[in-house]
Amino acid sequence: MKWKSDFDKFVLISSFEKRGWIPTREGEEDWNLYWANVHNIKGLFATDSNMRLSDNQFVNHFPNHYEITRKDLMVKNIKRYRKELEKEAVACGMSLVNGSSGGYGGGGGGGGGGGGTGMATADKASAVEGLLDGLDFIPPSYALPADYSLFVEEFRKQPNNTWIMKPSGKAQGVGIFLINRLSQVKRWAPGGVRGVQCSIPGKDVYVISKYITNPLLVGGKKFDLRIYVLVTSYRPLKAYISKQGFGRFCNVKYSTELDELDNQFIHLTNVAIQKHGEEYNGKHGNKWPLENIRLFLTATRGHVATDKLFKDIKTLIIHSLKACQNVIINDRHCFELYGYDIIVDSNLKPWLIEVNASPSLSATTPADLALKCQVISDALAIVIPTHQPPDRRRQGCRTEPGTAAGGGGGGAAGAASGKAVGHPKSQGGAPAGAPADADLGALRHTSLGYHSGNQGYGCFQVLYDEAKIQELERARKEIPELDHQRRSKRHSGGGIRRTFRSREWAF
C-alpha cells in the first residue's frame, strides 16, 4: 500500500506507518490512498484532468463534498429536504386520515371491526408530527446577500433577537460576529446601502442564523460538541459514528449582556480562538472527552434525558446526510470523515452548527493526540480493511455513470451541474429503490429506528445502513403475504378442525 497526503500531521502519518504503508515519491501518482485537502480534490475530479482512478485508489473526499460542508449549501439542502418531507407528510397524512392506507396496520378481517382502516387518526397525526419534529435541527438561517429580504422579514418579527454571521467558506472562527440591530447588517444587502460599500468582496457569501441564546452550560461556560462521522457511500447511504469525540469550551463564563456581543471568548468555542485567551488551559485544551460530558449530563439531568439527547444527535446527523444524498456525487473511490459541530441548548435539544470537511488533525494535548489517532486508525480500518485487497472494498457500492472505472471525468461533470446523476430518485429521504407506499410505512423510511444497530468497528459503530434497511423492508413486506398463505392453508380444512388450527396458529 502506498499513500500520499497533503497534510504533514503526525496523526495521519503514524497511522499509515503502523500499517506498513509506504509514502509515494514526489511526482508519483501510483498511490493507493490520497489524503487530500479540499482544494486539490477539485483538480483531481476536474473535467480537464488526465487523472483516472484505478480500482485500488481511494481519496478522502467526495467530488462535491461542499454540498454539506459549505454553510450556505448545507442550509439550502436541509431546507429543501424539509420541504420535500413536509409535502410527503401532508400527502401521507391525508391518505391515512381518509383511511386509504394500503397495507399498514389493520390486518385482515373485514367484518365488524373496521380493521382495514389502519391506526387511529390521532396516532397517525402524532406519527407525522413526530417525523417533522426531528427535522427542526438548524436555527432560522439565511444566505446573504441573496436572502437579505427574507432575513429582514424574519428579523422584524422579533427585533430583539441576536443573530450570528459566518462566512460560508471559512473555518476556525474566522470572520464570525454577532449582531442585534438591522443597521449592523445592512451593508450586506444587495448592492450595499447608499453611501456604504458592500463589505462582501467578490463572490463571498455569509450565512446569518438566529443565535442560540440559551446554550447548555457547564461551570457557567458555553461549549459545543465535535462528533466524527465517517461516510463510505451516499447511495446507498452507509455512515458510521465515532464514540470518541469531545466538547470545546469557552474561556469566559457565558453572558447575554449586549456589551459582550463582541467578546469571542464568551461566544465562540473554536480552539483557534480560545487558545489566545488569558484563561486558556493548556493542560486539557479547554476540552472534555465526549464520555465525560455524557457522565456529567447523566448525573445532572438523568439517564433518560441524556440517552434521548444522544439519540436526537444521531437523528440530526442522519437527516443532514440524507438532505444532501441526492446531490452528492457518489464515487466508489471516495469516502469522507466529517467533523460535526453541534451545540446543545438548556432544554437538551441539539442544533447543527456546521459540518467540517477537514476536521483539525492537530493535537493540543496528549489526550487529544490519542483520541485523534484512534479516530483516524479506526476510520482507515473501515475504509481499507486489512483482511481484504483494496479493490474489493466498494463491490457493493453504487457508482455514478462516468465515474465507474476511471472515476475522475464524469464526477466532475456532475459537480459542475450541482446535481448527482444516474441514480434512482429518493424523494423525501426514502431509500433509493424502496417501494413508494402512500402510507405511514413510507414515512418510516426516515425514522431513525432504521439503523443497523450497534455493530462496532473500533471507536466507530454503524449509524445508518441503507442497504440493510431496504433488505429489512423487503422482508417486512413479505411477511403479510406469508401469513396470508398460512391462513389459507389452515382454513382449507373443515368444521371444528379448521377453527382449532386457526386458534393454534394464532397463539
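The values are calculated or read from the model by the stated rules, or taken from the named source; none is laboratory data. What you are looking at is a predicted structure, and each value in this text was computed from that prediction instead of being measured. No Cβ is skipped: glycine too gets one built from the backbone with ideal geometry, and neighbour counts run over all protein chains shown.
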(message) If I filter region 269-287 for residues that are touching a strand residue (DSSP E or B) at 6+ places or on another chain (Cβ under 6 Å) and over 30 Å from Gln184 (Cα atoms), do I get at least one hit?
(response) yes
(message) Criterion first (surrounded by fewer than 16 Cβ atoms within 10 Å (Cβ to Cβ), touching a Cys at 6+ places or on another chain (Cβ under 8 Å) and at pLDDT below 95) does Gly192 satisfy it?
(response) yes
(request) Could you check, for region 133-141, whether at least one of its residues is assigned to a helix (DSSP H, G or I), modelled with pLDDT under 90 and either touching a Ser or Thr at 6+ places or on another chain (Cβ under 6 Å) or under 26 Å from Thr69 (Cα atoms) (or both)? (result) yes
(message) Could you tell me how many of the residues in region 272-297 are more than 17 Å from Leu217 (Cβ to Cβ) and assigned to a helix (DSSP H, G or I)?
(response) 4
(message) For region 251-271: of the residues being of a type in the set (A, V, I, L, M) and in a helix (DSSP H, G or I), which is farthest from Asn160 (Cα to Cα)?
(response) Val271
(request) Could you please find all residues in region 142-178 being modelled with pLDDT of 90 or more and of a type in the set (Val, Ile, Thr)? (result) Val152, Thr162, Ile164
(request) For region 309-327, enumerate the residues that are over 14 Å from Ile343 (Cα atoms) and either modelled with pLDDT under 95 or not small (Gly, Ala, Ser) (or both). (result) Lys311, Thr315, Ile318, His319, Leu321, Lys322, Cys324, Gln325, Asn326, Val327
(request) Six or more apart or on different chains, Cβ under 9 Å: which pairs go from a residue in region 322-338 that's touching a residue at least 60 places away in the same chain (Cβ under 8 Å) and more than 24 Å from Cys459 (Cβ to Cβ) to one that's part of a loop (DSSP other than H, G, I, E, B) and of a type in the set (Phe, Trp, Tyr)? Could you list them? (result) Ile328/Phe62; Ile329/Phe45; Ile329/Phe62; Asn330/Phe62; Asp331/Phe45; Asp331/Phe62
(message) If I ask for residues that are touching a strand residue (DSSP E or B) at 6+ places or on another chain (Cβ under 7 Å), under 17 Å from Asp465 (Cβ atoms) and surrounded by fewer than 23 Cβ atoms within 10 Å (Cβ to Cβ), which ones from region 301-317 would you list?
(response) Lys314
(request) Under 8 Å between Cβ atoms, at least 6 apart or on separate chains: pull out the pairs that start in region 349-368 with a residue that is β-branched (Val, Ile, Thr) and end on any residue that is in a loop (DSSP other than H, G, I, E, B). (result) Thr364/Lys275; Thr364/Gly282; Thr364/Gly285; Thr365/Gly282; Thr365/Lys283; Thr365/His284; Thr365/Gly285
(message) Within region 235-249, does at least one residue satisfy the condition of being out of contact with any Phe, Trp or Tyr (no Cβ under 9 Å at 6 or more places or on another chain) and at pLDDT 90 or above?
(response) yes
(request) Kindly indicate whether Gly277 is touching a Ser or Thr at 6+ places or on another chain (Cβ under 8 Å) and surrounded by fewer than 17 Cβ atoms within 10 Å (Cβ to Cβ). (result) no
(request) Go through region 359-384 residue by residue and tally those that are modelled with pLDDT under 95, polar (S, T, N, Q) and touching a helix residue (DSSP H, G or I) at 6+ places or on another chain (Cβ under 6 Å). (result) 0
(request) For residues that are within 11 Å of Leu380 (Cβ to Cβ) and touching a Phe, Trp or Tyr at 6+ places or on another chain (Cβ under 8 Å), tally how many sit in region 1-38. (result) 7
(message) For region 33-69, which positions are exposed (fewer than 13 other Cβ atoms within 10 Å of the Cβ) and in contact (Cβ under 8 Å) with a residue 40 or more places away in the chain?
(response) Thr47, Arg52
(message) If I filter region 14-32 down to residues being within 18 Å of Gln374 (Cα to Cα) and crowded, with 17+ Cβ neighbours inside 10 Å, which single residue comes out as farthest from the chain's Cα centre (by Cα)?
(response) Trp21
(request) Just give me the residues in region 278-295 being touching a residue at least 24 places away in the same chain (Cβ under 8 Å) and closer than 19 Å to Val229 by Cβ, in sequence order. (result) Lys287, Pro289, Leu290, Glu291, Ile293
(message) For region 20-34, give me each residue that is assigned to a strand (DSSP E or B) and out of contact with any Ser or Thr (no Cβ under 9 Å at 6 or more places or on another chain).
(response) Ile22
(message) Between Val252, Val229, which is touching a residue at least 24 places away in the same chain (Cβ under 8 Å) and either surrounded by fewer than 21 Cβ atoms within 10 Å (Cβ to Cβ) or at positive phi (or both)?
(response) Val252
